[in-house]
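A short worksheet on the structure shown next.
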Amino acid sequence: MRKLKLGVMISGSGSNLQVLIDACSQKGYPAQITVVISNRPDAKGLERAKNAGIEAICIDHTAYDDRASFEDAIHNCLNEYCVELVCLAGFMRILNADFVNRWKDRMINIHPSLLPSYKGLHTHARAIEDGVRFGGCTIHFVRPEMDDGPIIMQAAVPISETETEDSLAAKILRYEHEMYPAAVRLIAEGKVRVSARKCVFKDVDLDTAGLINPAIN
Ligand code: GRF
């Protein structure tokens, strides 16, 4: 079975990386991780990758004179490992348009809000502050604008009356973990592609009653 080659980019804990590692270890899953890149040497996710026998590389942004040379190093590394799809999973550096365009429609991100609401940081606290009824998370193709791009999958998570930033983050993270492997599978199986500003789907149910759309089988 041909497997889509993934490069996962992280800056921290890497719990989303972990669910991708676990999915990829399953027989029949249509993707494999060829490299994990962190911009921070102390990222726990680097350990997770090493424990799974995956190449774990630190490209420390502080070692580069400017963003362009840092991003060139990442680009070269991704190519060296024959990466076909870049998965941003808690990668906390802004990426220049140049880099983003080189990976256009070949790079996805997970963001802890229902985009296009709550781009940027502190999404959960801002949602609670505003009294919105749902928080959530989004997986999308990456575009040069921050947290912008064709949406692949979203989950909506109800916000309770006693919700705190931490409790909401924990609830949403569970859905992130369900969605990331499922979204990568859709791409690997050729069931989603970008058309203009949107994703279009093939053989995917987009009209289910649940709170994850498309539904995960
Ligand atoms: C997640 O909440 C993700 O949505 C955001 O960064 C966090 C990464 O968490 N982009 P982890 O490192 O995968 O545990």
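The values are calculated or read from the model by the stated rules, or taken from the named source; none is laboratory data. From a predicted model like this one, the values you see are computed outputs, not experimental measurements. Cβ: placed from backbone, ideal geometry, glycine included. Neighbour counts: every protein chain shown. Note: accessible area is taken over every heavy atom of the protein model, side chains too, but ligands, DNA and RNA are not part of it. Shrake-Rupley method; radii C 1.70, N 1.55, O 1.52, S 1.80 Å.
Annotations
- Listed residues ILE152, CYS58, SER113: farthest to the positive end of the dipole of the chain (Cβ charges): ILE152
- Result for the chain in a Gaussian network model with C-alpha springs under 10 Å: among VAL86, VAL157, VAL184, the largest mean-square fluctuation is at VAL157.
- Radius, Kirkwood style, for the chain when every pair of distinct Cα atoms is counted (Å): 17.7
- Label-point separation, LYS3 to LYS27 (7 Å along Cα→Cβ), nm: 1.4
- The mean sequence distance of close C-alpha pairs (under 8 Å, at least 6 residues apart), as a share of the length of segment 1-103, puts its relative contact order at 36 percent.
- Carbon and sulfur %, accessible surface of the chain computed with the full protein complex present, 1.4 Å: 48
- Formal net charge of residues neighbouring TYR64 (Cβ-Cβ distance under 14 Å; K, R +1; D, E -1): -2
- Dipole moment magnitude, nearest 20 debye, segment 1-103 about Cα centre, only Lys, Arg, Asp, Glu C-beta charged: 500
- Mean residue ellipticity (222 nm) of the chain, computed from DSSP H runs ≥ 4 via -39,500 (n - 2.57), nearest 500: -10000 deg cm²/dmol
- Protection proxy ranking of 122-130, 109-117, 163-171, 197-205 - average other beta-carbon atoms within 10 Å, highest first: 109-117, 122-130, 163-171, 197-205
- Note on LYS27: aspartates and glutamates with a C-alpha under 16 Å away, same-chain residues under 8 apart excluded, are GLU189.
- Difference of contour (0.36 nm per residue) and Cα-Cα distance, LYS50 to ASN76: 7.3 nm
- Distance from segment 74-144 to segment 149-193 (C-alpha centre basis), Å: 12
- Remark: the chain carries a charge dipole of roughly 700 debye about the Cα centre, counting +1 on each Lys and Arg Cβ and -1 on each Asp and Glu Cβ.
- Ordering of 92-101, 141-150 by packing is 141-150, 92-101, highest average first (other Cβ atoms within 10 Å, averaged per residue).
- Cα-based values for segment 1-103, radius of gyration first and Dmax second, are 13.1, 43 Å.
- Bridge type composition, the chain - antiparallel percent by DSSP, nearest 5: 50
- Formal net charge of residues neighbouring THR34 (Cβ-Cβ distance under 11 Å; K, R +1; D, E -1): -1
- Relative contact order (%) - the chain, alpha-carbon pairs under 8 angstrom, separation at least six: 17
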